[in-house]
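Read through the structure below, which is laid out as structure tokens, and then see the notes.
The values are calculated or read from the model by the stated rules, or taken from the named source; none is laboratory data. As the structure is a computational prediction, the values presented were derived from the model and not from experiment. Note that we place each Cβ from the backbone using ideal geometry, even for glycine, and neighbour counts take in every protein chain shown. Heavy atoms of the whole protein, side chains included, go into the accessibility calculation; ligands, DNA and RNA do not. Shrake-Rupley method; radii C 1.70, N 1.55, O 1.52, S 1.80 Å.
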Amino acid sequence: MEARAEFVGTSAGTGAGDALLLSDIQGGPYRGWQIDLAFGLLDRLGPGGLPLDYERVPAEAAQRMPLLRWIRDPQSLESVAMYREYQFDWPERVCIDAVLDAERLGAVVRNYTEARIVSRDTDGWSLEIAHADVPAPAAAELPVRVQAKVVLNMAGIWIDDVNRAALPRARQRILGTKGCHIVVKLPADCANIGIATLNSKLEPFYCIPYRGYHFFGPTETVYEGDKDRIRVTAEERAWLVGEANRLLPQLRLAESDVLMTWAGVRPLTYDENVPFGNRSRVIHDLASDGLPGVYAMTAGPVMTHRSAGRELTGVISRRIPPSRPRSNPDYTPTRFPDEQDSAPLLPDASVKLSDLRHAVRAQHARTLMDALYRRVGLGWRCAFTPYELTRAADVIGGELGWSEARKQQEIQAFQAEAALLFDPRPPLRPLD
Ligand SMILES: Cc1cc2nc3c(=O)[nH]c(=O)nc-3n(C[C@H](O)[C@H](O)[C@H](O)COP(=O)(O)OP(=O)(O)OC[C@H]3O[C@@H](n4cnc5c(N)ncnc54)[C@H](O)[C@@H]3O)c2cc1C
């Protein structure tokens, strides 16, 4: 019988990598042999050293698997293809590790600093740098100006804003498409299993295990709203619950089961022939726009950031000869110092107060959001109690010289931002 594959089940994890499943269903858009072929190619063309553990499981056995036991039309299931999936722990950590390594190699790093391309003369571009987090009286001296022969505009969905602030006629380079997710808690036996499939609009749709929870998503819509307030709307949340129930009707997911949501806008390459943006990474030479020596990168995903870095280094070194001996990046993840005597922030002891202190001292954290989500990643699996936030604010504020009043302001700012960005619910707690 000719089988068609529609469902892909995943078992994802952090770091080490877990298995991922893929199932054939009659009437699905892909045939079973196509999936076998795709994984054969992936195995041969991939970097090696990371096992895919690809195998096809007959329908009968597949229907007894966690998650798959809830899929719609189980009678039309032909088989399930399993493979091992790999996952970034959380993308902000990848970003900060790259920043810290750049600092090790000699870069000057400024967090919360806005750059503006101002003017050009024979020495290159003059940029205005405005630091949002500098205490008075230093703030009175800002903004400062720096000279640059080459400017890389890496501002993601803000790329066009940055270009047009310098030259209003600069062409559109970015198309932002919004992707929303919902987080739920599934039974323990689903812990390492997920599904990758297509939604009712035949777009990619996933149920991916993450830090003891699962997230469903994404959505795919063109975004032209406020770039500083990207969040999942009630309508988008309901649509995602509907799609989750379409995929797994027996799960009977209710909106009240949603523990957290998040959304992002992908900085895709604008292409008038591709309505939802071109996903090809492009480095734009903006000389043709009237900005010689300025380059912008669109559609650069996290997963290929290393090759993006190499490509951009090439762009610069063709214009400016290297001034220092060649040195290579170190991709080893940064570790927090193991301070045995430091108290844990939460009962599960996964994060210590010393980690928060280190995030401020050595990793450019300036807010509770920086420390709790972006440096230690705890917010991705935890809604904090007021007591926990106060303890975190004491440590971070102790490093940054916050007064009691400022600590309270920072806690309120954290709660407001978390509510806006993630809508976390109290049942979202760290696992034992
Ligand atoms: C829903 C969703 C799912 C995704 N899934 C994946 C995935 O599975 N795998 C993957 O690899 N990628 C994924 N991506 C893509 C990835 O997250 C983005 O492509 C990536 O973050 C873009 O990185 P960037 O550095 O180009 O832009 P950004 O991450 O947006 O960084 C741009 C930075 O520039 C700063 N900035 C703006 N203006 C200025 C200025 N004037 N001065 C100084 N700084 C400024 C901004 O504050 C921001 O920090 C996903 C994205 C979304 C939205």
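Once the 1.4 Å probe is applied to the protein heavy atoms, the chain comes out at 52 Å² accessible per residue.
Here the sum of -39500 (n - 2.57) over DSSP H runs of 4 or more residues, divided by the residues of the chain, equals -8000 deg cm²/dmol at 222 nm, to the nearest 500.
Of the peptides 83-94, 120-131, the ranking by mean beta-carbon count within 10 Å, highest at the top, reads 83-94, 120-131.
A convex hull fitted to the Cα coordinates of the stretch 250-317 yields 166 cubic angstrom per residue. Peptides 322-334, 253-265, 276-288 ranked from most to least packed give 253-265, 276-288, 322-334, packing being the mean of other C-beta atoms within 10 angstrom over each peptide's residues. Spacing of the modelled spin labels on Ser323 and Asp161, each 7 Å from Cα toward Cβ, amounts to 3.1 nm.
Net charge dipole, the stretch 353-421: roughly 160 debye, given to the nearest 20, about the Cα centre with Cβ charges of +1 for Lys and Arg and -1 for Asp and Glu.
What FRET efficiency comes out for the pair Ser256/Leu198, r = Cβ-Cβ distance, R0 = 22 Å, nearest 0.05? Using R0 = 22 Å, I get an efficiency of 0.25.
Between their Cα atoms, which of Lys178/Lys227; Lys185/Lys352; Lys178/Lys201 are more than 22 Å away from each other? Distance filter (> 22 Å) returns Lys185/Lys352.
Give the separation of the Cα centroids, the stretch 80-96 to the stretch 194-244, in Å. About 17 Å separates the Cα centre of the stretch 80-96 from the one of the stretch 194-244. Over all pairs of different C-alpha atoms, the chain has a mean inverse distance whose reciprocal, the Kirkwood radius, equals 24.2 Å. With R₀ fixed at 25 Å, the C-beta to C-beta distance from Asp73 to Leu41 puts the FRET efficiency at about 0.30.
According to the Kirkwood relation over distinct C-alpha pairs, the hydrodynamic radius of the stretch 277-379 is 17.4 Å. Packing around the peptides 202-209, 308-315, 406-413, taken as the average count of other Cβ atoms within 10 Å per residue, puts them in this order, highest first: 202-209, 406-413, 308-315.
A simple spin-label model places pseudo-atoms 7 Å from Cα toward Cβ; at Thr385 and Val99 they are separated by 3.1 nm. List the aspartates and glutamates whose Cα sits under 14 Å from the Cα of Lys407, skipping any in the same chain fewer than 8 residues away. The qualifying aspartates and glutamates are Glu388, Asp394, Glu399. With the dipole of the stretch 178-333 worked out from charges on the C-beta (+1 for Lys and Arg, -1 for Asp and Glu) around the Cα centre, which of Ser200, Thr313, Gly217 lies farthest toward the positive end? Looking along the dipole axis, the top candidate is Thr313.
Between the helical axis of 305-317 and the longest alpha-carbon principal axis of the chain there is an angle of about 30 degrees. Tilt of helix 386-400 relative to the longest C-alpha principal axis of the chain, in degrees (0 to 90, nearest 10)? Between the helix axis and the principal axis of the chain, the angle is about 30 degrees.
Extending 7 Å from the Cα toward the beta-carbon at both Asp341 and Asp226 defines two label points whose distance is 4.7 nm. Once the Cα atoms are used to define both axes, helix 32-45 deviates from the longest principal axis of the chain by about 40 degrees.
Could you give the Stokes-Einstein D for the stretch 353-421 in µm² per second, using the C-alpha Kirkwood radius, 4 °C, 1.567 mPa s? Calculated translational D: 110 µm²/s.
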